Amino acid sequence: MALFGDLKHQTLADLAKVLHRHTGTLFFHAAYQGKTVELVLNRGQLRAMYLDGFPVEALARARGILYQLHTQSHGAFEFHRQALLVGDVRFYDQPFASLVHELVESASPGTTGPVIPDDQLPHPETRFVPVPHSPPVPGSLASLWTLVQPHLTGGSSAAELAPQLGLSPHDMQTVLYRLRAMDLIAPQRAAVSRPPPTAHHPALPHGHGIFTVDDLVPVTLPPTSPAPQPLVQRLLGALRRFTQGGAA
């Protein structure tokens, strides 16, 4: 039997209470930076976490991911019950309900949330831009978003933003990490501008009205660059009109 829902309608804390004695796998589909989070529970104990299939072995990072799922308050979930776990993979052994309760308490006003490992923070030079049609901004990040958003219009990095906003580079990296976890910003990708291909039209012979197929100048195109179908159709249509006119 499976359990379905969305964190918009049921909080992570409430979900943890429901699952406090269950064994199975809890999925959050595309809920964390567009990735799927998979939690392995054994009688309510969190044993393992996977991010898009890759193991999250550090408990500190697992806590950070759960914290973001709680604060963003949206994301479809699905729990599949099992009688027992196959293989008993164990990265940690934490009571899921108690762990989530601690994260909820740390997300209360006036607190900063769990410490994020340095290796999870974005590089100081990575430039970020706002994500179009992003989800609603969580209340815990509203003030930060109002402060940072105007500086991200053309893309900006933690190294550039830190002196402008009066924050340390590490604090600025942490802010960008949290905004990215909420799908509010994304790394800026340099657009590769390529000149449009030049169309080569065959030269038509100069005459006094009528010409035949033999008068057309043959055009040889490279095998890797075949002529676009619409151009071929236009040439064939013109050829038919010219030959019909000659026949008349």
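FYI, it's all coordinate maths here, none of it is from the lab. All values derive from a computational prediction rather than experimental measurement. With ideal geometry, Cβ positions are generated from the backbone for all residues, glycine too; neighbour counts draw on all protein chains shown.
Quick one: length gained pulling Ala30 to Ser98 fully straight, 0.36 nm per residue minus the C-alpha distance?
Working: separation 68, 0.36 × 68 = 24.48 nm, distance 2.45 nm.
That works out to 22.0 nm of additional length.
Other residues lying with their Cβ under 14 Å from the Cβ of Val148 contribute a combined charge of +1, Lys and Arg counting +1, Asp and Glu -1.
When a/c is below 1.5 the answer is rounded, else prolate if a/b is larger than b/c, else oblate, so apply that to the range 121-192 with a ≥ b ≥ c taken from the square roots of the Cα gyration tensor eigenvalues. Walk me through the intermediate numbers first.
Values: a/c = 1.57, a/b = 1.03, b/c = 1.53.
Since a/c reaches 1.5 but b/c is at least a/b, the shape of the range 121-192 is classed as oblate.
Tell me whether the range 130-171 comes out rounded, prolate or oblate; compute the Cα gyration tensor, take square roots of the eigenvalues as a ≥ b ≥ c, and use a/c under 1.5 as the rounded threshold. Oblate is the answer for the range 130-171, as a/c is 1.5 or above yet b/c matches or exceeds a/b. Full extension of the segment from Val18 to Glu57, taken as 0.36 nm per residue of separation minus the current Cα-Cα distance, would add 11.6 nm.
Is the shape of the range 1-103 rounded, prolate or oblate, going by the alpha carbon gyration tensor and its root eigenvalues a ≥ b ≥ c, with a/c under 1.5 for rounded and a/b larger than b/c for prolate? Could you put the intermediate results ahead of the total?
Details: a/c = 1.31, a/b = 1.15, b/c = 1.14.
Verdict is rounded for the range 1-103.
Let me check I've understood the local charge: for Gln120, count other residues with C-beta under 14 angstrom from its C-beta, Lys and Arg +1, Asp and Glu -1. What total comes out? Present the calculation step by step, with values, prior to reporting the outcome.
Values: positive: Lys35, Arg61, Arg63, Arg178, Arg180; negative: Glu57, Asp118, Asp119.
Charge balance near Gln120 sits at +2.
Add +1 for every Lys or Arg and -1 for every Asp or Glu among the other residues with Cβ under 13 Å from the Cβ of Leu51, and state the total.
On the way: positive: Lys35, Arg61; negative: Glu38, Asp52, Glu57.
Once all neighbours under 13 Å are counted, the net charge is -1.
Taking 0.36 nm per residue of sequence separation and removing the Cα-Cα distance, the Arg90/Ser168 pair yields an extension gain of 24.4 nm.
Centroid-to-centroid, using Cα positions, the range 64-81 and the range 1-55 are 6 Å apart.
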